[in-house]
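K.L.:
What follows is a structure written as structure tokens; I'll ask about it next.
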Amino acid sequence: PGFYHLNALAENGCQDSATAHIAIDTLGPILSGSDDTLTCLKTQTTLLLFSSDSAQYSWQGPSNFTSNLKNPKVSIPGDYQVTATKQNGCKTNYLFHIFEDIVKPILQLNNDTLTCSKDSIKLKALNSDPASVLLWNGPNGFTSSVLNPYIKEPGIYSLISQSKNGCRDSASLT
């Protein structure tokens, strides 16, 4: 690298000179991005790649995934690797991790019976995810967001539990 000078002298005494600058361009693109998680609500994500330079992209991932887009969409968890190639031929690799959180809450309900001596009962439910959102529905417009509410009406009661990841479970009792 540097400046190179050439001086030429002809036999007739004429002369000329030229200067050339030789630069080094051996840097690949600088890449960055963020891992992501697929859930019951978010079943697809975009691999957001940030690059310091314009480049050509070649992606590989699970289930024979390939793409030449800068920011492809994916719906399968796993590792995705991109190779970015600048015009100078220099390459940089970057790895994305796409996780999956599709664990749904598990509900268990226990039946009970209203009787003449027992005019209200507590609905008995177990929920594997204490942070989930609950919704009971029952006769005469009954609703509750409490895990074990008291009731006075006989009938079919349904409970839905939704975790933060959007996964749900539901169960009913009579």
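The values are calculated or read from the model by the stated rules, or taken from the named source; none is laboratory data. Here the structure is a predicted model, which is why all the values come from computation and not from measurement. Here the Cβ positions follow ideal geometry from the backbone for every residue, glycine too, while neighbour counts run over all protein chains shown. Accessible surface areas use protein heavy atoms only, side chains included; no ligands, DNA or RNA. Shrake-Rupley method; radii C 1.70, N 1.55, O 1.52, S 1.80 Å.
K.L.:
Could we say that Pro105 is within 30 Å of Ser158 (Cα to Cα) and open to solvent by 90 Å² or more (accessible area, probe 1.4 Å) here?
P.N.:
So Pro105 does not fit the description; no.
K.L.:
Please give the number of the condition Leu49 fails out of (1) open to solvent by 60 Å² or more (accessible area, probe 1.4 Å); (2) closer than 30 Å to Gly166 by Cβ.
P.N.:
(1)
K.L.:
Taking the criterion of being hydroxyl-bearing (Ser, Thr, Tyr) and either within 30 Å of Pro29 (Cβ to Cβ) or at pLDDT 95 or above (or both), would at least one residue in the stretch 106-125 satisfy it?
P.N.:
No, the stretch 106-125 has no match at all.
K.L.:
Identify all residues within the stretch 1-31 that are small (Gly, Ala, Ser), open to solvent by less than 50 Å² (accessible area, probe 1.4 Å) and in a strand (DSSP E or B); write none if there are none.
P.N.:
Gly2, Ala20
K.L.:
Turning to a different aspect of this structure: Scan the stretch 73-91 and give yes if some residue there is open to solvent by 70 Å² or more (accessible area, probe 1.4 Å) and of a type in the set (A, V, I, L, M, F, W, C), otherwise no.
P.N.:
no
For every residue, the table says whether it meets (1) more than 30 Å from Asp36 (Cα to Cα); (2) not in a loop (DSSP other than H, G, I, E, B).
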{"residue": "Thr66", "(1), (2)": "no, yes"}
{"residue": "Asn71", "(1), (2)": "no, no"}
{"residue": "Gln87", "(1), (2)": "no, no"}
{"residue": "Asn93", "(1), (2)": "no, yes"}
{"residue": "Ile98", "(1), (2)": "no, yes"}
{"residue": "Leu114", "(1), (2)": "yes, no"}
{"residue": "Lys118", "(1), (2)": "yes, no"}
{"residue": "Asn140", "(1), (2)": "yes, yes"}
{"residue": "Leu159", "(1), (2)": "yes, yes"}
